[in-house]
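Enquirer: Would you mind keeping the following structure in view while I ask a few things?
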Amino acid sequence: MTMTPRENVLAVLERRTPQRAVFAPNLWQWFEYNKLHGKLHPEIARCTTQLEVIRKLGADVFSRNLLTPVRTQWIGGHSSVRYNKVQVEEKCEGDERAIVYKTPEGDIGERLKFEREGCTLVQDEYLFKDFSSEYPALKALFEDMELVFDEPSFRQLENEVGDDGVVMVGETTCPLKQLHVAARAD
């Protein structure tokens, strides 16, 4: 009996022997970059999504970012952040976004920009700039942060992928990663 791509991916994840090697390339940024710059190979030039490209290439699906909007997020697509006490003000101008978080402990903000040349999201201004003055506001922000998972969206994508592979949630980050994104890796 032939295993489906999904069964092969699950076999690998469960440390069982798959029927064949799993090939699940992470095409997300490569695809978005080449689509944006009109550089897709003619065989995949009409594809509008990463999933279409993966299927066209006969590859397996094992992805956490099939719905990640490259212009606004690094990971995700199935969740949003909700706050109870923090007010969020966002201003967008073209490819730039300024976000101010008004916490009970003070305001902090960040600026993000979609950089077209590299087809990537960059932070022009990090959220956390000065530990001594901004730590209470950053702490208040993280304590009030609630990640809301959009299960219907996830299930819809799982159904769309079907037996072609596995969709990972890939939504959350650990506190250390959140601090890295807020304050820079160094």
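Enquirer: Could you do me a favour and compute the accessible area per residue for the chain, 1.4 Å probe, result in Å²? Don't jump to the answer; show the numbers that get you there.
Expert: Values: 11610 Å² over 186 residues.
That works out to 62 Å² for each residue.
Enquirer: May I pose another question? In region 1-88, carbon and sulfur make up what percent of the accessible area (probe 1.4 Å)?
Expert: Result for region 1-88: 53 percent of the exposed heavy-atom area is carbon or sulfur.
Enquirer: If you plug each phi of region 59-69 into the Karplus form 6.51 cos²θ - 1.76 cosθ + 1.60 with θ = phi - 60°, what whole-Hz ³J(HN,Hα) values come out, in order, with x for Gly and Pro?
Expert: Each residue of region 59-69 in turn: 8, 8, 9, 8, 9, 10, 9, 5, 10, 5, x Hz.
Enquirer: Once you keep just the Cα pairs under 8 angstrom separated by 6 or more residues, what percentage relative contact order results for the chain?
Expert: Here the relative contact order equals 24 percent.
Enquirer: Taking amide H atoms as placed 1.01 Å from N in the peptide plane, list the residues 5 or more away in sequence, or in a different chain, whose amide H sits under 5 Å from that of Thr120.
Expert: It is Glu115, by chain and number.
Enquirer: In the chain, with Lys and Arg counted as +1 and Asp and Glu as -1 at Cβ, which of these residues, Thr2, Trp74, Val22, has the Cα nearest the positive end of the dipole, that is, farthest along it?
Expert: Checking the options against the dipole of the chain, the answer is Thr2.
Enquirer: About its Cα centre, what dipole magnitude does region 39-140 give when the only charges are +1 on Lys and Arg Cβ and -1 on Asp and Glu Cβ, stated in debye to the nearest 20?
Expert: 440 debye
The values are calculated or read from the model by the stated rules, or taken from the named source; none is laboratory data. Just so you know, these numbers come straight off a predicted model, no measurement behind them. For neighbour counting, all protein chains shown are included, and Cβ atoms are generated from backbone atoms with ideal geometry for every residue, glycine included. When the accessible area is computed, the model is the full protein with side chains, heavy atoms only, and any ligands, DNA or RNA have been set aside. Shrake-Rupley method; radii C 1.70, N 1.55, O 1.52, S 1.80 Å.
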